[in-house]
Amino acid sequence: MNAKIIVLFNHKGGVSKTTTTYNLGWMLTQFGKRVLFVDGDPQCNLTELFLHDGFDDYYVNPETCQHNLKDALAVAFEGKPSPITAINCFTPPNNEKAFLIPGHMDLAEYESSLSLALNSNNAIVTLQNLPGSFYELIRLCCEKYSIDYVLIDMNPGLSSINQTFLMISDAFIVPTNPDPFSTMALKTLRNVLPRWKRQAQIARELFKDAAYPLPSSEIKFVGEIIQRFNLRNQKAARPYVGKIDEIKSYIEHEFVPTLALLDMVYDITPLIDAGKLKDHCLAEISEFGALLQKANNHSVPVFALTKEQIGERGPVLEQMESSRERFKTIIENMANVILELVQ
């Protein structure tokens, strides 16, 4: 498969994984890339961003109700005598290069079987196809829609489903926010991610003869995103500055060196030399404020809001348009880093 799989993952909640996935993936389509979005969170927030008012109908309409992540994998998890096939991905009417594998609130039902498969050391033959089934579905959808990049929005947790998504990924991004628990979460990831990488290497060999083998994925860290903080005079407000610095320091001096031991980090030296990055922090993104709700109401990313969609006048409109352009520049820069590193 030529498409590159990127997961956005932090087991800590409230770090804007879904919003970042949506905005970053949409920006990649503005660079001409065909992007497959995968909603791996049973809360289905990414799916709701795409479907908006059509969300409820999608899951009851006979023509679409089976075209989601859980039901597409059912043939593997329920032992049905038929192969996994590509679903009809949802494409928003205002972006022909964006495609979605919708989530499902009952996806967590597969957790126990998947966990058993990952920890059975291949002893239970009937479970061999489960870990690779996620990749098989994504691979088939990528072929069907000629996808360049896959962005997976994962649920906050250290679940076997999240582990599987990471195991099949080429790259991962860690969204964070500057609160007292962020460094604590990074310390957990520093321990867990290398373990998952080692388990992925073992699993590839164990499941090499399965109908759905695991791919030889690189699983490399692209960088972190620090977001959800308030601004004062166009800079992070004082209460957040210390935490932002703490996150960056931990990433550079503890997180990256640990992952580098297992070749789990992209070399960003050329980007630093070119002035495109200062460190592994891909972006600092403040709260979107009122722009976010307006963007969600119109099913577009924040940076794509038009003057008419903003719906304000005078100084308020000017301020919102200025903020929109600032966010657009930040997200463009992130997309450029992705295009340069993850090829």
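Of all residues in region 310-332, count the ones that are surrounded by 13 or more Cβ atoms within 10 Å (Cβ to Cβ) and not aliphatic (A, V, I, L, M).
Total satisfying the criteria: 10.
Contact annotation: residue pairs with Cβ atoms under 6 Å, 6 or more positions apart or on different chains, pairing a residue in region 42-62 that is crowded, with 17+ Cβ neighbours inside 10 Å with a partner that is assigned to a loop (DSSP other than H, G, I, E, B) and of a type outside the set (A, V, I, L, M), are Cys44/Gly103; Thr47/Pro102; Thr47/Gly103; Phe50/Pro92; Tyr58/Thr64; Tyr59/Cys65. Restricting attention to region 272-306 and to residues that are touching a residue at least 40 places away in the same chain (Cβ under 8 Å), in a loop (DSSP other than H, G, I, E, B) and among the hydrophobic types (A, V, I, L, M, F, W, C), the residue that is nearest to Ala236 (Cα to Cα) turns out to be Phe288.
Would you be able to say whether some residue in region 252-262 is in contact with a helix residue (DSSP H, G or I) (Cβ under 6 Å, 6 or more places away or on another chain), within 23 Å of Thr329 (Cβ to Cβ) and not in a loop (DSSP other than H, G, I, E, B)? Scanning region 252-262, I find no residue that is in contact with a helix residue (DSSP H, G or I) (Cβ under 6 Å, 6 or more places away or on another chain), within 23 Å of Thr329 (Cβ to Cβ) and not in a loop (DSSP other than H, G, I, E, B), so the answer is no.
Could you tell me whether region 45-57 includes any residue that is part of a loop (DSSP other than H, G, I, E, B), modelled with pLDDT of 90 or more and closer than 18 Å to Thr21 by Cα? Don't jump to the end; show me each part of the working.
The first filter runs over region 45-57 and keeps only residues part of a loop (DSSP other than H, G, I, E, B), leaving none.
No, there is no match, as no residue in region 45-57 is part of a loop (DSSP other than H, G, I, E, B), modelled with pLDDT of 90 or more and closer than 18 Å to Thr21 by Cα.
If you take just the helices (runs of 4 or more DSSP H) that sit entirely in region 104-214, which of them hold at least 2 residues that are under 16 Å from Ile6 (Cα atoms)?
Details: elements: 111-119, 130-145, 160-167, 182-206.
Ranges flagged: 130-145, 160-167, 182-206.
Residue by residue, here is whether (1) at pLDDT 90 or above; (2) crowded, with 20+ Cβ neighbours inside 10 Å holds:
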{"site": "Ala108", "(1), (2)": "yes, no"}
{"site": "Asn119", "(1), (2)": "no, no"}
{"site": "Leu137", "(1), (2)": "yes, yes"}
{"site": "Cys142", "(1), (2)": "yes, yes"}
{"site": "Val150", "(1), (2)": "yes, yes"}
{"site": "Asp153", "(1), (2)": "yes, yes"}
{"site": "Ile168", "(1), (2)": "yes, yes"}
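The values are calculated or read from the model by the stated rules, or taken from the named source; none is laboratory data. Model, not experiment: these values are computed from the prediction. When we count neighbours, we look across all protein chains shown, and the Cβ atoms used for this are built from the backbone with ideal geometry, even at glycine.
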